[in-house]
Amino acid sequence: MNLPLRGDILREMTVIASLVLGSNGAASLHGSSRGISTPADRQRFLERHRSAAAFIIGKKSAVIESYAKSSVPIFVYTRKLEKLDLPHPLMQQITVDRNLGELTQIIDHRIAGDIVVEAGPSLLLALIAEQVIDILELSISPIAGDGDFISIEELLATFTIESELVIDGTRLLQCSYRSNAANS
């Protein structure tokens, strides 16, 4: 089956990525994003999290983060072929055996509403490279992290900053995918 390209379909939902980075571009402190999260970031994250019609996460997020209160589908992207022991009944393992854009389009057609990506740097950057992310909600914390580094400039190269708010030293950026970023 040939799926239409992302720009060829009329969509009512959006794929929104939520990410917090430390002041030094780290996505974690002591193995988790919680260490670099601030109250302003956490409030925005929880608002987006609660509004999701579905989640896309990676295997590490499935194990580390709590989705106990989630009542929507949680798609766990993994390269592993063997069945994962997932901690939540709504978690569905999606083995990445083809293009991430194609996989996400299949999910798009199953979900009525926004899909929120709460993934670590590797999966998030791969989804961005495949032009899957429509909106990036990036928080830049004043706290320095110690792992999972991302270049903020490279991350934002394919997005346009639509709004920026600074609360208690945390930069809250709302960014939209810039389809012509490669040509800028």
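Data table
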item	result
Solvent-accessible area per residue, Å², over region 54-154 with all protein chains present [probe radius 1.4 Å]	50
Cα-Cα P(r), region 72-112, percent of pairs per 10 Å interval	28, 54, 18
Among [x] 33, 18, 15; [y] 24, 21, 15; [z] 37, 21, 16, the entry derived from the coordinates for semi-axes √(5λ) of the Cα gyration tensor in Å	[y]
Lysine pair number, Cα distance threshold 16 Å (strictly under), the chain, separation 8 or more or different chains	4
DSSP H segments from the chain that extend 24 Å or more along their own axis, Cα-based, with Kyte-Doolittle mean of 0.5 or above	none
Sum of -39500 (n - 2.57) over DSSP H runs of 4+, divided by residues of the chain (222 nm, nearest 500)	-6500 deg cm²/dmol
DSSP-defined beta bridges in region 67-184 - what % are antiparallel, rounded to 5	75
Protein-only accessible surface order, largest first, of 60, 80, 69 at 1.4 Å	69, 60, 80
Average Cα contact separation per residue, the chain, under 8 Å, 6 or more apart, as relative contact order %	33
Ordering of 144-151, 106-113, 169-176 by packing [mean C-beta count within 10 Å, highest first]	169-176, 144-151, 106-113
Heavy-atom accessible surface of region 112-184: percent carbon and sulfur, 1.4 Å	52
Percent carbon-and-sulfur accessible area, region 62-101, ignoring ligands, DNA and RNA, probe 1.4 Å	52
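The values are calculated or read from the model by the stated rules, or taken from the named source; none is laboratory data. Quantities reported herein were computed from a predicted structural model and do not represent experimental measurements. Please note: Cβ atoms are built from the backbone with ideal geometry, for glycine as well, and neighbour counts cover all protein chains shown. Protein only, heavy atoms only, side chains kept; ligands, DNA and RNA dropped before computing areas. Shrake-Rupley method; radii C 1.70, N 1.55, O 1.52, S 1.80 Å.
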